[in-house]
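A short worksheet on the structure shown next.
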Amino acid sequence: MLHRILLIAKRDYVASVMRKAFLVGLVIAPLLFGGGLFGVALLRVTDGNKDKRIAILDRTGVAAPAIIKEADAKSTVLASFGDGPNIQGHYVFENVPVEDGNPIDQKLALSNRVRRGDLFAFVEISPEALHPAKNAETSIALYSNAGGIDPTQAWLVGPINDALRRIRLSQLGIDAMNSTDVIATVPMTRMSLISRNESTGVIQESRKGNLVEGITVPFVLLFLMMMIVMIGAAPMLAAVAEDKMQRVFEMLLASSTPFELIMGKVLASVGRSLTSSIFYVIGGVLALEGMALAGFIRFDLLPWFFVYLIAEVTMLSALGAALGAACSAPRDAQQLAPMLILPVMLPVFLLVPLAQQPNGAFATVLSLIPPFTPLVMIMRQAMPGGVPAWQPWVGLIGVVACAFLITWAAARIFRVGILLQGKPPRIGEILRWAVRG
Amino acid sequence: MDAVQISNVTKTFGAVTAVNDLSLTIPEGSVYGFIGPNGSGKTTTMRMIVNIFYPDRGSIRVFGKEQSGSRAESIGYLPEERGLYRQMNVQQLLEFYGELRGGKKVTAEVTEWLRKLDLAHCAKRKVETLSKGMSQKVQFIATVVPEPKLLILDEPFTGLDPVSADAIRNAVLDLRRRGSTVILSTHDMSVAENMCDYIFMIFKGNKVLDGTLATIQDQYGNDTIRVSTEAGLSAVQGLPGVERINDLGQSQELRMAQGCDPQQVLHALVARTSVTSFSLVKPSLHDIFVRIAGPTSEEGSEEENAA
């Protein structure tokens, strides 16, 4: 039995990794997944580093100079940060005197300047901004046609409010216009929890969190696993459906059982995933070492990463083989494909709530539901706070049990479906095959 | 020992009964022909012997051993629906199939079979580059390497040119001579008559014929006349006592009604034309097949009446 499984696995593995599509995919996939980040960086370099001219329409009559002074100071500090190119660009300010007449006419004229590209945006400071009433939402308004995630609004809030505070303090008789201390904002540093090593009893110091450690590493691990799982497991559905349509299975079924056949195919998928993961992991480690960023590599998580990867690929490729066996035409495979990629895509769709509360109830429960465990748990483990020690083990037990169950059910579906032709079965019928065999 | 013993086997697919209470014994070393119209249950029966389908009821023993979900390396199976991994080369493909069934390397056997079926020059070619006939021969080799004790061939000659068909036929008979038991299904009645020791016919899931050609023909009596005349078909039309005419071109087969005297038919025929040959023969397998499965079949009519 084992000999037949290994023989089928070897044939499928060699057939798939020797294809040009696999080799090209190995290079293309990270470019596609990383393409968004690359595009953003490219845009920031080519477009984001231009100076942005912002007009201040100050209806208080006193705030504009202070605002421009604060904003210029902030802009100068950022521009001088680091040795690299100034990818943020400068904000350049223009104090526009308030004209008499209907205010809407002046705002229309300024809007037209924005449309022409003469201005990036303009800010209207209402008279109430100095002493705002409750719920005064429109005391300060930014008029712009930039995209929804443009950082200008967030950037400007600080300098404008700092300036307004200085003016208010001056009006109270406190000379705050030239003092940095009075309104200085003290930053808050994010630290990891202090913990005691269970075996040695040594208390481990808290570590200072940073963006790379807190967000980038977990996200990279999640996307890396998603990419490798997709490379390993996703082609299974279409491959089995194609082989079924080419009638190659009946002869194989005369020499091997459906379970041997499906296990061989699953093993080939795992092999394919491990091949690509070794390629990416070694490549990633070498690249980070080359950039002197090797300190961010979480070597302690690599065993978990590979164990979860194998379990996830096993589950999804067995499911893919079962669904492929139920297909009678290429369009059937297309219709069933979302079922296969859902366990991989859902954690990505839920990335923001998961990242905000990695140890909240939602993230914890999701990471213990087997099809989602590998991606969600590895991301949670990589977060600075980590996870309680029992959770990865419980998740792993669930994943392994689920992988066995799905493979067993998939073999039953495969046996019934693989020789059926004609109308594709409904989901209920496929589930019946799994139960009754 | 019997190679295959099928006992009261029934297989249904939803509301359709593909095989109904079938019992069949296939002696070791014989060539057993399965005939029957499309959809009658031949392939389902073969798939159950190979253990691809499991019977709903009844049991199947192969060389005395109950089929139990495992795969027997002693069975070589050539399915009707042919398909091979198109991207593999011929030698690698055959070695893969051979090792999968036999559990050991079969390089030498593959090389020998490729030579025997005149495919040695194709050993390094990809399957997708082969002609249909070549592909069928390759698939046949995949079935017989390593040499099986039981060889099951589902319509092995379909689509083959006469030269390729002869090569396969000779190979099958050679395997039989070396001790293999052969089960083959065919729509070609002459193949069944000439190659098979026993013939089994299944119709609408039920066994309707089983035995040697002679015993089957005996069941249908000497009610057939084969004639050749100068006038051909027109001379035999409307002859008294003739129930059915099967035109073979140069000759005609006439089936007589029950109680009809062949001498009366001969007299009537001589009165119409010059008769060059006239012989009383047993019905051909083709004729028997048509009697059973034709549009006016007796079994079909009986079933319809019963319904």
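The values are calculated or read from the model by the stated rules, or taken from the named source; none is laboratory data. If you're wondering where the values come from, they're calculated on a predicted model, not measured in any experiment. Glycine gets a Cβ as well: all are built from the backbone with ideal geometry, and neighbour counts include every protein chain shown.
Structural remarks
- When the test is whether a residue is assigned by TED's automatic domain parsing to the domain that holds A:Phe259, on the phi > 0 side of the Ramachandran plot and modelled with pLDDT under 85, A:Gly417 does not pass it.
Every residue, every condition in (1) part of a strand (DSSP E or B); (2) charged (D, E, K, R); (3) without any contact (Cβ under 8 Å) to a residue 24 or more places away in the chain, yes or no:
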position	(1), (2), (3)
B:Ala3	yes, no, no
B:Ser7	yes, no, no
B:Leu93	no, no, no
B:Phe96	no, no, yes
B:Glu99	no, yes, yes
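- Every residue from region B:81-106 that is of a type in the set (S, T, N, Q) and more than 7 Å from chain A (Cβ to nearest Cβ): B:Asn89, B:Gln91, B:Gln92
- Identification of helices (runs of 4 or more DSSP H) wholly contained in region A:198-290 with 2 or more residues that are in contact with a strand residue (DSSP E or B) (Cβ under 6 Å, 6 or more places away or on another chain) yields no element.
- For A:Gln381: the one exception among (1) closer than 28 Å to A:Glu198 by Cα; (2) of a type outside the set (Val, Ile, Thr); (3) out of contact with any Phe, Trp or Tyr (no Cβ under 8 Å at 6 or more places or on another chain); (4) surrounded by 17 or more Cβ atoms within 10 Å (Cβ to Cβ): (3)
- Number of the condition not met by B:Tyr54 [criteria: (1) free of Cβ contacts under 8 Å to residues at least 60 places away in the same chain; (2) part of a loop (DSSP other than H, G, I, E, B); (3) touching a strand residue (DSSP E or B) at 6+ places or on another chain (Cβ under 6 Å)]: (3)
- Considering only residues in region B:150-189 that are within 20 Å of B:Ala293 (Cα to Cα) and touching a residue at least 40 places away in the same chain (Cβ under 8 Å), the one that is surrounded by the fewest Cβ atoms within 10 Å (Cβ to Cβ) turns out to be B:His187.
- Taken together, A:Ala333, A:Ala268, A:Ala321, A:Ala329 contain a single residue that is farther than 23 Å from A:Lys10 by Cβ, crowded, with 24+ Cβ neighbours inside 10 Å and among the aliphatic types (A, V, I, L, M), which is A:Ala333.
- B:Ile141 in the same structural domain as B:Leu94 (by TED's automatic domain parsing), in a strand (DSSP E or B) and not small (Gly, Ala, Ser): no
- Residue count, region A:258-312 (criterion: hydrophobic (A, V, I, L, M, F, W, C), more than 23 Å from the chain's Cα centre (by Cα) and modelled with pLDDT under 80): 1
- Filter result (under 12 Å from A:Ala268 (Cβ atoms) and within 12 Å of chain B (Cβ to nearest Cβ)) within region A:1-17: A:Ile5, A:Leu6, A:Leu7, A:Ile8, A:Ala9, A:Lys10, A:Arg11, A:Asp12, A:Val14, A:Ala15, A:Ser16
- Some residue of region B:33-41 being of a type in the set (Phe, Trp, Tyr), out of contact with any Lys or Arg (no Cβ under 7 Å at 6 or more places or on another chain) and either under 23 Å from A:Lys244 (Cβ atoms) or assigned by TED's automatic domain parsing to the domain that holds B:Val144 (or both): no
- Output for region B:26-42, where each listed residue is in a strand (DSSP E or B) and either among the charged types (D, E, K, R) or surrounded by 15 or more Cβ atoms within 10 Å (Cβ to Cβ) (or both): B:Ile26, B:Val31, B:Tyr32, B:Gly33, B:Phe34, B:Ile35
- As a summary of the residue check, A:Met236 satisfies the conditions (1) in contact (Cβ under 8 Å) with a residue 40 or more places away in the chain; (2) of a type outside the set (Phe, Trp, Tyr); (3) within 14 Å of chain B (Cβ to nearest Cβ) except for the one numbered (3).
- B:Ser135 vs. criteria assigned to a helix (DSSP H, G or I) and either closer than 19 Å to B:Phe96 by Cα or within 12 Å of chain A (Cβ to nearest Cβ) (or both): yes
- Test: residue in region B:57-66 that is under 16 Å from the mean Cα position of the chain (by Cα) and outside any loop (DSSP other than H, G, I, E, B): no
- Qualifying residue in region B:192-199 (condition: modelled with pLDDT under 90, outside the structural domain of B:Thr44 (by TED's automatic domain parsing) and surrounded by fewer than 19 Cβ atoms within 10 Å (Cβ to Cβ)): no
Residue-by-condition table, conditions (1) surrounded by fewer than 22 Cβ atoms within 10 Å (Cβ to Cβ); (2) within 21 Å of A:Ala403 (Cβ to Cβ); (3) out of contact with any Lys or Arg (no Cβ under 7 Å at 6 or more places or on another chain):
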residue: A:Ala337; (1), (2), (3): yes, yes, yes
residue: A:Ile341; (1), (2), (3): yes, yes, yes
residue: A:Met345; (1), (2), (3): yes, yes, yes
residue: A:Leu351; (1), (2), (3): yes, no, yes
residue: A:Gln356; (1), (2), (3): yes, no, yes
residue: A:Gly360; (1), (2), (3): yes, no, yes
residue: A:Ala363; (1), (2), (3): no, no, no
residue: A:Leu368; (1), (2), (3): yes, yes, yes
residue: A:Pro374; (1), (2), (3): no, yes, yes
